[in-house]
1. To the nearest 20 Debye, how big is the dipole of the chain about its Cα centre, given +1 on the beta carbon of each Lys and Arg and -1 on that of each Asp and Glu?
2. Go through 30-36, 67-73 and give me the packing order, highest mean Cβ count within 10 Å leading.
3. Name the residue from 32, 11, 125 whose Cα lies farthest towards the positive end of the charge dipole of the chain, charges +1 on Cβ of Lys and Arg and -1 on Cβ of Asp and Glu.
4. Residue 196: which aspartates and glutamates have alpha carbons under 18 Å from its alpha carbon, excluding same-chain residues fewer than 8 sequence positions away?
5. If you work out Rg/Rh (Cα atoms, Kirkwood Rh) from the coordinates, which of (i) 0.95; (ii) 1.22; (iii) 1.14 do you get?
6. At 18 angstrom or more along the helix axis (alpha-carbon based) and mean Kyte-Doolittle of -0.5 or higher, what helices does the chain contain? Whole DSSP H runs only.
7. If r is the Cβ-Cβ distance from residue 45 to residue 154 and R0 is 22 Å, what FRET efficiency results, to the nearest 0.05?
8. Given points 7 Å out from each Cα along the Cα-Cβ axis, report the residue 166 to residue 36 separation in nanometres with one decimal.
Amino acid sequence: MRWARWIILLLIAVAIGAVLHYNLPQRDVVRVVETTEIRIDFSAWNRPFYTSGDSGGGTNLDQRDIRFIRTIRPDGRPSVYRNEDTGWFGWPPYFKTHSEDLQTEAGALVSDAESPDWVLVTHYGWRSNPLSIYPNAISIRPVHGPDDKPFPWSNIIIIGLLVLAVVALWRLWERFEERVVVPIVDGVLVRWAKLKDWVRGR
């Protein structure tokens, strides 16, 4: 059964990695080509990947206006970001409430291929064409060139703190197991053995 344990641990590790990859900030150097606002039709598959904050007009639960920032990467590939508020109580907790300002900033940074102005877009989330989901832009700022990408210190710090928290919780559980769980289990086993001896004696 050891292989089953390893499979379960692998699945847990993959799930944790997917959650971290989706929620942690990512940074792309791109060129803004357009800012738009279009109506998105939600489904059971893509609704969890959109926030519930105010990001445009419409009160229909099945569709809503979403702001988009359309960009081009240095290698020519397109990259599209949605621009939604996460609010004060949304997840992930970026406390984003400036989507309208961010849309204006992105509009002011539009450039063409002949004289590109490169910007750094900080975002979270994934892009999936089949599901019609887009990463959510958190901030945007100009950079000197397509190779001007900062080192992901924030992600390293967050992951390091999470690792420390897991280790601390593991140590606490080991102490709790040693002081509480093991004595209880031993007591139950002793009582069970005495009960069996009593039954046999009768």
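Taken together, the values in this text are just the output of simple stated rules run on the coordinates, not laboratory data. Note that this is a predicted model, so its numbers are computed, not measured. Note: ideal-geometry Cβ built from the backbone for every residue, glycine included; neighbour counts use all protein chains shown.
1. Details: 24 positive and 23 negative charges, 356 e Å.
With only Lys, Arg, Asp and Glu charged at Cβ, the dipole is about 1720 debye.
2. Numbers: 30-36: 18.4, 67-73: 20.3.
The packing order, highest mean first, is 67-73, 30-36.
3. Most positive-ward Cα: 11.
4. List returned: 186.
5. (ii)
6. Working: long enough: 2-23 (32 Å, 1.35); 153-176 (34 Å, 1.50); 182-201 (28 Å, 0.35).
Membrane-span-like by this criterion, though nothing is claimed about a membrane: 2-23, 153-176, 182-201.
7. On the way: r = 30 Å, r/R0 = 1.37.
Plugging the Cβ-Cβ distance into 1/(1 + (r/R0)^6) gives 0.15.
8. Placing both labels 7 Å beyond Cα along the Cβ direction yields 4.0 nm.
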